[in-house]
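To start, I am sharing the structure in question, which I have written as structure tokens.
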Amino acid sequence: VQLQASGGGLVQAGGSLRLSCVVSGRNASINVMGWFRQAPGKEREFVAAITQGLGRTQYTESVKGRFTISRDNGKNTVYLQINSLKPEDTAIYYCAASRFSLRAIRTSDYTYWGQGTQVTVSS
């Protein structure tokens, strides 16, 4: 299984971006797709996740109402729509795949990782 993230860029505060994560290769054990981010000097943190089946979602508190995770199973793609961007959202954003449930919010819960895409928000 390989994950390819894209869609990052430099935007002004208040702007929007849509990140994409294309999944190639099949692995029936994958149950949840997630997005994490890592700001300079900080640990990688959970942002959002979505189940493969019913499409149930989970978000970290700081992004609720601004970020939306979705998926298009026909395109093997998971999206992260990011609105009302703030400078503190600046980070490298990673997509990842987990065989666990929607409770998977630790980096160790995820087996497969994409290469990351940089999001930079200017004030």
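Report the GluC sites (Glu not before Pro) located in the stretch 26-64 that are in a DSSP loop and have at most 10 other Cβ atoms inside 10 Å of their Cβ, or state none.
For GluC sites (Glu not before Pro) across the stretch 26-64 that sit outside H, G, I, E and B with at most 10 neighbouring Cβ atoms in 10 Å, the list reads GLU43.
For the stretch 1-40, compute Rh as the Kirkwood radius over C-alpha pairs and then the Stokes-Einstein diffusion coefficient at 4 °C and 1.567 mPa s; write the answer in µm²/s, rounded to an integer.
103
Connecting C-alpha atoms closer than 10 Å in a GNM of the chain, tell me which of THR60, THR68, THR51 has the biggest fluctuation.
Highest fluctuation of the listed residues: THR60.
Taking every alpha carbon pair in the chain, what does the distance histogram look like in 5 angstrom bins from 0, in percent?
Per 5 Å bin, starting at 0, the Cα pair percentages come out as 2, 12, 24, 26, 20, 10, 4, 1, 0.
What distance in nm lies between label points placed 7 Å from Cα along the C-beta direction at ASN27 and GLN2?
About 1.4 nm, to one decimal.
Can I ask one more? Run down the lysines and flag those whose C-alpha is under 23 Å from the C-alpha of LYS64, throwing out any fewer than 8 positions away in its chain.
Partners found: LYS42, LYS86.
Probe radius 1.4 Å, ligands and nucleic acids left out: which of SER84, SER98 has the largest accessible area, and how do the rest follow?
Correct descending sequence by accessible area is SER84, SER98.
While we're looking at this one, here's another question. For the stretch 47-98, compute the orientation-averaged projected area of the C-alpha convex hull (one quarter of its surface), in nm².
Hull-based average projected area comes out at 4.0 nm².
Among CYS21, SER122, PRO40, whose Cα projects farthest towards the positive end of the dipole of the chain, with charges put on the beta-carbon of Lys, Arg (+1) and Asp, Glu (-1)?
CYS21
Carbon and sulfur: what percent of the stretch 30-123's accessible surface (1.4 Å probe)?
45
Normalised by the residues of the chain, what does the relative contact order come to in percent, with Cα pairs under 8 Å and at least six apart?
Over the chain, the number comes to 36 percent.
While we're here: With all protein chains present, calculate the accessible area of LYS86 using a 1.4 Å probe and round the result to the nearest 10 Å².
80
Next question, about the same structure. What list of whole percents do you get for P(r) of the stretch 3-68, with Cα-Cα distances grouped in 5 Å bins up to the one holding the largest distance?
4, 12, 20, 27, 22, 9, 5, 1
If you don't mind, another one. Using the basic label-point model (7 angstrom from Cα toward the beta carbon), what is the LEU54 to THR120 distance in nanometres?
4.2
Further question on the same structure: How many Å² of accessible area per residue for the chain, probe 1.4 Å?
Here the residues of the chain average 53 Å² of exposed surface.
For the ranges 91-97, 101-107, 29-35, what's the packing order if you count other beta-carbon atoms within 10 Å of each residue, average per peptide, and put the highest first?
So the order, starting with the most tightly packed, is 91-97, 29-35, 101-107.
Here is a follow-up. Among LEU54, LEU80, LEU19, which one shows the biggest mean-square fluctuation in a GNM of the chain, springs joining Cα atoms closer than 10 Å?
Most flexible of the set in this elastic network: LEU54.
The values are calculated or read from the model by the stated rules, or taken from the named source; none is laboratory data. Predicted, not measured: the structure shown is a model, and the values here were computed from it. Glycine gets a Cβ as well: all are built from the backbone with ideal geometry, and neighbour counts include every protein chain shown. What goes into the accessible areas is simple: the full protein's heavy atoms, side chains included, and nothing from ligands, DNA or RNA. Shrake-Rupley method; radii C 1.70, N 1.55, O 1.52, S 1.80 Å.
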